[in-house]
Amino acid sequence: MALELSTEDKLEYQFNEVSGGSLHFKVKAANDAHIALTTGPSESEPIYEIFIGGWSNAKSAIRKNKAKPDAALVETPNILNADESLGFWLRWNGGAIAVGRQGEAEPFISWEDPEPFVVTHYGVCTGWGATGEWVIDAPAAQPGWNVETPVESGAPATWVPVAGGEPVPPNAIPAGLDNGSEQLYVGRAKHDSGALIPGKVVPSHGVCYVPWGGEEHGTAEYEVLTGCEVTWMPSASGQVPSGALEAGQTEDGETLYIGRATHEGASAVGKVQGTHGVCYIPYGGAEIPYNDYEVLVAK
């Protein structure tokens with residue numbers, strides 16, 4: 001459930017626990033929306049601080065332990081609005097911190113700490129002449145691939161439309177973990193070519209990533225698979241087991257199925273394309289082919 005709170009013009013953080021590696025939030029403020037990541041409910045070191053719309057709503061920054069943020073300081077003119085709640089995402093993993101706008105896959109600022117610490121709390125505040133109205137969603141950390149958890153027996157597969165960073169719907173089909181932290185889900189999205197392509201939904205980005213034309217493509221308008229009993233079965237060379245779920249088609253009308261593979265320690269969902277003999281996954285901006293993979297099959 002989202003947390004709604006107000007912050008005064010006093011640069012005093014309001015802290016809450018966090019068990020995952022990301023935050024989604026909307027904030028209405030004229031300038032200086034600050035987020036802290038800490039090891040407890042206080043402004044003590046070690047601490048990461050993210051400043052959005054600082055320097056009179058002209059720049060944003062990330063700093064550690066009150067040091068000057070010279071290594072992570074970017075121009076972000078008018079990124080906040082005193083009259084409108086604007087959405088953002090924040091994620092952290094092993095010292096890598098990134099912040100982006102809701103509905104955009106790429107961060108507008110990122111930084112990596114060579115000596116990271118475990119984050120257990122986050123805090124928000126405003127100051128330098130600004131007050132804030134916040135709506136915060138902090139997804140909980142989830143265990144590994146949860147592929148055998150049944151929903152209602154015999155329930156049909158349903159694709160639920162999602163747009164603009166909306167929450168993942170109930171009974172969404174989990175697809176694995178992104179580098180051991182964030183739970184990913186099975187999604188699909190239309191490509192400009194006319195293809196309908198299965199891919200991975202990353203909740204903290206508010207985006208579904210799909211593979212096409214050698215590249216990874218992110219879109220903020222997509223569908224999430226929900227409401228059916230499934231399992232993942234091993235396959236290879238473009239083949240799919242009996243009961244494999246049809247999830248889309250190429251621009252030429254070839255049926256695409258839901259596949260996944262683990263790449264550099266992260267799960268990635270993509271498309272099994274029989275005529276190519278592989279499962280393509282989206283990762284790191286690229287479309288990567290795998291000869292051996294798993295296929296999502298209805299129970």
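Structure above, values below:
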| read-out | value |
| --- | --- |
| Under 13 Å, Cβ to Cβ, from TYR222 - net charge with Lys/Arg +1 and Asp/Glu -1 | 0 |
| Spin-label model distance (nm) - TRP55 vs GLU215, 7 Å beyond Cα toward Cβ | 3.0 nm |
| Largest-first principal axis extents, alpha carbons of region 1-59, Å | 31, 29, 20 |
| Mean Cα-pair separation over length for region 158-298, i.e. relative contact order, pairs under 8 Å, 6 or more apart, % | 27 percent |
| Accessible-area composition of the chain, carbon plus sulfur, in percent [1.4 Å probe] | 48 percent |
| Centre separation in Å (Cα based) which lies between region 69-114 and region 17-36 | 10 Å |
| Region 3-136: Cα Rg divided by the 2.2 N^0.38 Å rule of thumb | 0.94 |
| Rel. contact order, % - alpha carbon contacts under 8 angstrom, at least six apart, the chain | 17 percent |
| Expected 222 nm ellipticity per residue - DSSP helices of 4 or more, -39500 (n - 2.57), all of the chain, to 500 | 0 deg cm²/dmol |
| FRET efficiency for SER19 and HIS263, using Cβ-Cβ distance with R0 set to 35 Å, rounded to 0.05 | 0.85 |
| Spacing of the two label points (7 Å from each Cα toward its C-beta) at ASP252 and GLU4, in nm | 5.3 nm |
| Descending semi-axes in Å of region 158-298, equivalent ellipsoid built from Cα gyration tensor | 19, 16, 15 |
| For ASP192, net neighbour charge (Lys/Arg +1, Asp/Glu -1) across residues whose Cβ lies under 13 Å away | -2 |
| Listed pairs LYS28/LYS59; LYS64/LYS200; LYS10/LYS64; LYS200/LYS299; LYS10/LYS68 exceeding 26 Å between Cα atoms | LYS64/LYS200 |
| Å² per residue, accessible surface of region 158-298 at 1.4 Å | 37 Å² |
| For the chain, diffusion coefficient by Stokes-Einstein and Kirkwood Rh (Cα), 4 °C, 1.567 mPa s, µm²/s | 65 µm²/s |
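The values are calculated or read from the model by the stated rules, or taken from the named source; none is laboratory data. Only a predicted model underlies this, so the values are computations on that prediction, with no experimental measurement involved. So basically every Cβ, Gly included, is an ideal-geometry build from the backbone, and we count neighbours across all protein chains shown. Note: areas computed on protein heavy atoms with side chains; ligands, DNA, RNA excluded. Shrake-Rupley method; radii C 1.70, N 1.55, O 1.52, S 1.80 Å.
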